[in-house]
1. Taking neighbour counts of Cβ atoms within 10 Å as a proxy for exposure, in what order, fewest first, do Tyr37, Tyr115, Tyr78 appear?
2. If each of Gln294 and Arg97 carries a label point 7 Å out from its Cα toward its Cβ, how far apart are those two points in nm?
3. Non-local amide H neighbours of Gly282 (under 5 Å, H modeled in plane, Pro and chain starts lacking H): which ones?
4. Can you list the residues, at least 5 places off or on another chain, whose amide H is less than 5 Å from the amide H of Lys232, using H built in the peptide plane?
5. Normalise the Cα radius of gyration of the stretch 231-368 by 2.2 N^0.38 Å (N = residues in it) and let me know the number.
6. Once R0 is set to 45 Å, what does the formula 1/(1 + (r/R0)^6) return for the Cβ-Cβ distance between Tyr145 and Asn303, expressed as a FRET efficiency to the nearest 0.05?
7. Using modelled amide H (1.01 Å from N, peptide plane; none on Pro or chain starts), what sits under 5 Å from the amide H of Ile30, excluding residues fewer than 5 places away?
8. Once you list every other residue whose beta carbon is under 13 Å from the beta carbon of Glu272, what net charge do they have if Lys and Arg are +1 and Asp and Glu are -1?
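Laboratory data are not the source of any read-out in this text; all were calculated from the coordinates shown. These numbers come from a predicted model, not from an experiment. So basically every Cβ, Gly included, is an ideal-geometry build from the backbone, and we count neighbours across all protein chains shown.
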Amino acid sequence: MRTLVMPDEMLFFEKHYYSFEQGEFNNQKIIWIVFPYDLKLIEHLKKFSKAKWSRSNKKWYVPDNLFYRKLFGIDQEYLGKSSLIKIHQVNLPALKRFREQLLMKAYSPNTIRTYVTEFAQLLITIKSFSVDELNAERLRSYFLYCIKKLQLSENALHSRVNAVKFYFEQVLNREKFFTQIPRPKKPSTLPKALSAKDIKKMLSSIENKKHQLLLKMCYGMGLRVSELVNLKITDIDSNRMQVLVHQGKGKKDRYVNLPETVLVQLRDYYLEYKPKKFLFEGQYGNQYAVRSVQQVFKNAMKNVKINKKIGVHSLRHSYATHLIEQGTDIRFVQELLGHKNIKTTMIYTQLTDQTKRKIKSPLDNLFGSE
């Protein structure tokens with residue numbers, strides 16, 4: 001059991017504490033909230049959460065999600081219990097140090113989750129052997145095992161190498177420990193974009209106003225889905241027609257232009273849904289879930305029968321491609337997308353080379369006139 005006072009943003013009651021316990025109820029992960037019977041505490045709880053009362057357990061509870069974990073000050077879980085129990089006791093301190101170092105370096109929750117998961121796979125594989133005693137040759141053998149036995153893709157292997165490299169170089173301070181271990185060559189792939197016609201068709205088919213506005217702003221400002229759900233009401237400046245993207249990838253702030261065509265719809269949405277903090281809020285008043293945005297996009301694509309294996313991130317690719325096609329300077333596109341390196345932005349020029357598109361195939365010269 002973890003006993004904590006409620007966060008500063010909530011009303012503080014002297015000498016009263018809430019206790020939180022993780023558990024399951026009706027086959028769902030939940031957080032039990034235990035406290036002495038007090039009408040003020042109950043009002044307090046109802047004001048800041050959508051807690052429900054369980055008659056059978058005689059306790060209040062909420063879903064176990066990121067919103068309530070942040071609200072109650074409960075540490076986020078980055079590794080499931082099923083994986084944790086497979087790690088030998090000798091390597092649990094290493095896993096703890098690894099996670100703490102990632103937190104101290106202020107890595108994003110998604111990066112921490114990925115790194116912890118990948119590092120845990122190494123710890124599970126070596127069993128009772130101490131990870132601190134691994135040398136470069138044994139690690140090389142492990143990565144060969146990942147390629148030959150586990151058949152990890154190049155991208156998956158890069159992710160695992162990065163996680164293990166972080167432990168040896170950032171936690172154990174063994175600089176240049178990985179110079180003897182070669183990395184697989186990453187596949188060179190082009191971003192997948194939709195045509196302007198397909199995007200208009202898809203957006204026009206969405207009847208739910210909130211869902212339509214979600215995807216309009218995602219495409220209309222070239223946002224990453226994480227940036228979209230992190231938008232706050234205070235980030236919107238309708239007078240300057242700009243939107244502040246706070247702490248995007250690489251923890252960088254940037255401004256993007258607010259599309260004029262969404263201004264009226266944005267105001268109507270605000271009056272109807274009355275969001276309090278985040279522009280797009282979920283069921284419990286927290287920010288809208290990334291998975292929900294992905295599902296909205298998937299459903300919209302399915303409804304208009306656009307059968308392409310792409311995700312919502314393709315709207316960002318489409319935004320960049322269409323900006324370049326309409327003659328926007330590549331430097332401005334770089335700034336709007338928040339790219340650190342111009343080479344990243346230059347990839348989109350391969351999708352917009354009008355001169356190359358006009359080249360006629362020799363096959364058309366043979367049979368085009370028939």
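1. Working: Tyr37 6, Tyr115 23, Tyr78 18.
So the residues, fewest neighbours to most, are Tyr37, Tyr78, Tyr115.
2. Going by the 7 Å Cα→Cβ label model, 3.4 nm.
3. Gln287, Tyr288
4. Amide H to amide H, under 5 Å and 5 or more residues apart or across chains, Lys232 pairs with Leu279.
5. On the way: Rg = 19.1 Å, N = 138, 2.2 N^0.38 = 14.3 Å.
For the stretch 231-368, the normalised Cα radius of gyration comes out at 1.33.
6. Numbers: r = 44 Å, r/R0 = 0.99.
Here the calculated transfer efficiency is 0.50.
7. Gly23, Glu24, Phe25, Asp64
8. On the way: positive: Lys209, Lys210, Arg267, Lys274; negative: Asp268, Glu281.
So the environment of Glu272 carries a net charge of +2.
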